[in-house]
1. So if the hydrodynamic radius of segment A:582-650 is defined as the Kirkwood radius over C-alpha pairs, what does Stokes-Einstein give as its diffusion coefficient at 25 °C and 0.890 mPa s, in µm² per second?
2. At a 10 angstrom cut-off on C-beta neighbours, averaged per residue, how do the peptides A:466-472, B:142-148 rank from highest to lowest?
3. B:T185 to A:A815: FRET efficiency via 1/(1 + (r/R0)^6), r the Cβ-Cβ distance, R0 56 Å, to the nearest 0.05?
4. Over 27 Å between Cα atoms, which of A:K205/B:K373; B:K223/B:K432; A:K785/B:K254; A:K245/A:K329; B:K406/B:K441 qualify?
5. Would you calculate the convex hull of the Cα atoms in segment A:696-849 and tell me its volume per residue in Å³?
6. Whole-Hz Karplus ³J(HN,Hα) for segment A:226-243, in order, using 6.51 cos²θ - 1.76 cosθ + 1.60 and θ = phi - 60°, x for Gly and Pro?
7. In nm, to one decimal, how far is the modelled label at A:T656 from the one at A:L100, with both set 7 Å along Cα→Cβ?
8. For segment A:431-443, just list the computed ³J(HN,Hα) in residue order, Karplus coefficients 6.51, -1.76 and 1.60, θ = phi - 60°, integers in Hz, with x standing in for Gly and Pro.
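Each value in this text was obtained by applying a stated rule to the coordinates, not by laboratory testing. Computed from a predicted structure; not experimentally measured. Cβ sites come from the backbone with ideal geometry, for glycine too, and all protein chains shown count toward neighbours.
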Amino acid sequence: MALAVLGLAACSAQPSVGSRLNGPTAAVAFRGFSRKGALIQDYVAVASSRGDELRFLDPADLQPVLSPGAVFPLSIPTAPRPLLLASAALRDVDAADNRLDLADVLVAASAGGAGTEGSGPSLQLIETWDATSRVAQDVPLAGVLAAGSEILCLAGMPARGLTSPFGSANARILVGASGGQLAVVEFTRATDGSGAVVPGTPVVKSLVFDPIDIAASPDGAAIYIATRDPIATDATLGAVFGVAKVDASGDIVAGAVTALAAGPQDPDSITPGPPRIGAGTIAVAVPPAAVPERSVDSSVGTSVDQLVTVTPTPFVYAGLDPDSCGNTKPINCGVVTIDPNSTLNPGAGNLATDRADPLANTALFPDLGPPATVAVAQPYRAPMPVPGVPLHIAIGVPPASGSQRLANDPLPGTALFALAPVAGTRNTGAVAMISSSIGNVYWLDLSRFSPPSDLSVARGSTRVSVTTVTPAAAAAAGENQLGLWQDTDNQPFGSTLAVAQVNVDAAGLASAIDVWPGFTDADTWTLAYQGALPFLSSRPGLLITSTAGTPYVALQTGTSAGAVVLTTPIADPSLGVLPGDIVELPGVCEASVAAVLAVVSDPNLSAGVSFPRGALQLNVPGSPGVTCTADQLLAAGPPSVPTITVRASGMVLSNTKLGHLGRPAIARTTDSTENAFSVAWNAGDLGAASTTDALVARSLARKARRLFYPSDAPCPIASPANAEEASSPGCYSTGLRRLRDPLAPGPIIRFRVGLGGNPPAPAVPPRDASIVFVTQAGLSQTFRKPVTGGAGAGAAIFFDRTALDPTGKTKLQFAGHENDPIFFFVPYLDDQVMAFSPTQSSAQVSSIR
Amino acid sequence: MGTRSARLLASSALLLALACSDTTRSPPPFTDRFYYPTGLAVRHVDDAGAALDCRGGDPGCHTRLLVASSNFDLRFDSATGGTVMDVNVDAVLQPPQQSLQPLLPGGAQLGLARIGSFAGELAVLDKTTCPGFEGAQVLVASRSQNALYRVTIDPTGQLTCGAGCAVPLESTFGDPYGVTVACGTFDGIPQQQRAFVTYLRTPNSEGQLSQIDLTNNNARTQKDLGSIAPAHGTVYDPVSTRLFATERFGEVGKSPLRWFSLAAPETPSSADIYSLIRGAEVRGMALSTDADATTSTPPSRGYLALRIYDADVATSTGVRPSADVGGALAVMDLTQGPSGQPAMHLLNVVPIDRGASEIRIVPRLDPTTGLQKVVAGNRLRDLVAVTCTDDNTVALYDDDTGAVSKVFDICGGIPGETEPLPCALGDPLMGKQPFGLAVEKLANGHARLYVGSFDRSWVNVIEIDPLNPAAGPVAGPTTANPAATGITGPAGWVRIGPERQ
């Protein structure tokens, strides 16, 4: 019996010995030969960087190709530290122009690109055309690239478009190198019948920027390059940052370079430096075909799942350089959608348009809130958010055949496939997998231009909402308790409030606050009367008075140039300091702000006094709001170093992530439009601003940008779970009663401030009276990580087991996998490659070790 | 029979008495070589031996290498088995270079002081690191003695550790390790001179520092960083007067990088690196060189050497796994935000080898101006070196390209490589367990990396061109002409110290 078991074990096609990966950093799919089988088949090559070698994996069984001894996986020794891989098909044809199934070109490059010490950068060509599986030859780039160049990125591409006449088989490997260089190495098939791949003479295209990542268009006519550097200079808009498009339809070296701006123009000096448009990029990808996108029609309950609008051309998706994005910059961080056929314009750069614009598309039902509080759509499609830094992008499309290729969508000829977030399966036309610095691989549903969520954004207990509220303290005698108006058009479902009222209790306050899916983030908010402005409480400061009697305060230590430290840019509009605000010298006195100065140029100041980050000019004693005496404020002599708190002159809203969020006014009437307050995006984000008010307004607009595009259904919901959801308009719950379609733009927060008992003006609440509330965003972004470990995610690669071979036949290697979904392979530094399908659950993630 | 029994009894008693003797003493530490070196530091002096801010190779500029030996295996006396050695690098590198044994030629070793065992990082205290300080000292903490040693360096390089040299540290904490010197106007008081010492072992894994007032009888003040993780090392930015503290694992799911200012009382702030890179432990930190004191502009970037452990294993066991699963170098945005604090956004992360330890900036100087090189109107971003102890490598990260330019890995990559031994094909180039790291800027624009091999107990000296780091070791002025210099080793690649026996 035992012998029989042993015998069976011995007869196994391949024992499992483990892949024994050692610091895998890159993976690439290729078609070629190995000792695993006599026939050509597909493999995934993995750069095992610490082992100075490559491994081959079989994507059919997720097992490594074994070494001749069969007790270890096959090792293909390379130069030390292989970090980058690339492959490309040569598209061979016979004399009758029939496609042939021959091996791809596969190359590796080491850290910096040098194969050996002092040898200069080179590519190592791997022997894919027979089962020897070794480095066939070094393809030197020294002498081609400038001295001292380093290889930064690789990509493979066919030399011509699919529709070109096939003359001789060839493919290109693109090498991005430091010093602004793009080397192109063309590979052809050997004419000796060996099937070998032969490198041509490398050529170099000079760029004016360093390439970080490269992607080729599906037809091979264009190359897209991500870079942190300016690509070109527009005569009107300044330096252009984003993605470079290189014309590859002919000679690449002579091909024109077009700068595609990844964002709007920086309107002024918030980003120091000369005029610029767009943002730097660090990753780029292009889908193999135009992507079907969801319909935008609030009258159709299933519109979110009707993928009926195909992008006019394959869009380009790029991860923004974190150094040039964020809510103090002209664009938020994430993955942007670039329309390569668009015209550069200051409001959007070359980004695709925002399809969720009620003004451009009246079929999208807008926010029902007071008109003055409603957000307008941004002129460009908002970046798709990615937690951490988006390091790499891989795009997957429907499988070529089999039952997982869904062709029953209303759009004829457009196939879909299923995504499986926890919240439920959704069909899509394309998915982007983003390897993040955190170690997770985040999904982006390109048909809905947004991340799938494992939770419902707008329905149920997980939806965007106010989760907790801490009311203001009960009013003492003679004081007025801070509250919020419960207006009749946003009251909770089932409520029959006939006239608006001021709520002061926790439950009532929560229902009086409007939140908005795709805009409101998870955060803790504080609404306070004459509260300290964010970051400006009890700060070390400097108080000095000019010889002309003008007092100034600055938040800094030290007075003279070169000795000033711990500065705060007091005039930074995101701090929100305005004339009239209160400067408190705790325990001493108060003065009001006369002017917020980014630069102080007062000839009457003592020589040598420096305010490198601006200062506040104060009103003199005797002015309204100034309790300081002349002795306290205008004392002659050296500057004093008090502790300073800057308070708002009235109400102020802030939260922990965004800081200052504006100055609500107290409403006194039941009119829901009176002093309705919201923080909503507006075009002030994009315009030049010179006054303090305009700068602060723009800062607020930037904090109110869209975070993502929700994909919950418009009202009424087609399959309501309860009576509330079946109502229309306003089928969603408390805080979302003015929402008819979650795709519509809205404010990040909205309410009306009131006072308990609604006393007439000038009644105000006591200083520091505050309402604190917590919100949740409703977004739980779908991602995958290995079941265990998962440190240092490398670039994902897309793989389709159902794809036909170059001759149009089913691949024997994948017999039994004809109905498989698409897969992604992701190398991880902790000695594993993760394999998963977006159609499957997180429990079906495999780790190849 | 009775006599025989008595003799046996007497012999046994004698043996017993010998066995119980407490007079057996450990031998003194080696005084002619390194022994499990940890901290490394480079300083420059003038012809008179006074501290000088200059570049190696400048006329009248002499290079000194200070090396702390840790007596890691307690082969020598625990209380005085560690050493600090002052090495005249010029004597080591000047021709004719000696053969491999001994590797510290006559005149190369200038001084040696005995300290406690388990030495940590070194900090140099002289007028170049602390304006206004008279004389020179090297500061190093001993984990065995829970003390900070203030070893005096005289102009000839002699080291002395006399009375008052060992400064007692906080008795309720253990394992002092990191030492940083900070001098300036603090709390409104000018010309303050302080040292900060980290502790690797604290109650409840608290982050604790000792602030030593170097001008006031070593007065000690405790600085509490919070309870998430012990502090590993510190780095000081004189422009913002901020002290940044890296960490040792203390709690699953947290990896705090903490900082506070010395200019005015400030509660420590913290950024959780774990939330940006799962499983990260922040070991080393270096600051970019673009700070400008004249405009009160602090460094724009911080470079973090990260050890990455298996977060899932840590979560299930509650303790940090003993082995790393990876390493990374993270680039943090330190530009000042509206709050006046560093922005602390993650700008880039690149994989490096396991066991990331020490991290240093390699200056990229224009030999003509002595300033950071400017190319096409743009100031080059920094080159950063990191020792990766577990994988026996040193990585060079180029922040200008955002990629790893070079990994000093194994022997055999250098054509014609013959010396210094042992460096057999396939063996680590650096000496096993590269740990301590120091960088010296050179007048020709090159830089020297000094890499201490903890296990092999020698120091590798590698000269590189920071403007072309991928090229690896390059010929320096002392090695460009082997016939003239007598150096037969590979260009720009030499070793100081014999292998540990």
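1. Values: Rh = 13.0 Å.
After rounding, the answer is 189 µm²/s.
2. B:142-148, A:466-472
3. On the way: r = 77 Å, r/R0 = 1.37.
Calculated value: 0.15.
4. B:K223/B:K432
5. Given the Cα convex hull of segment A:696-849, per-residue volume reads 275 Å³.
6. 8, 7, 7, 8, x, 8, 7, 10, 8, 4, 9, 9, x, 5, 9, 10, x, 10
7. 6.5
8. Ordered by residue, 3J(HN,Hα) equals 10, 9, 10, 10, 6, 9, 4, 5, x, 8, 10, 8, 9 Hz.
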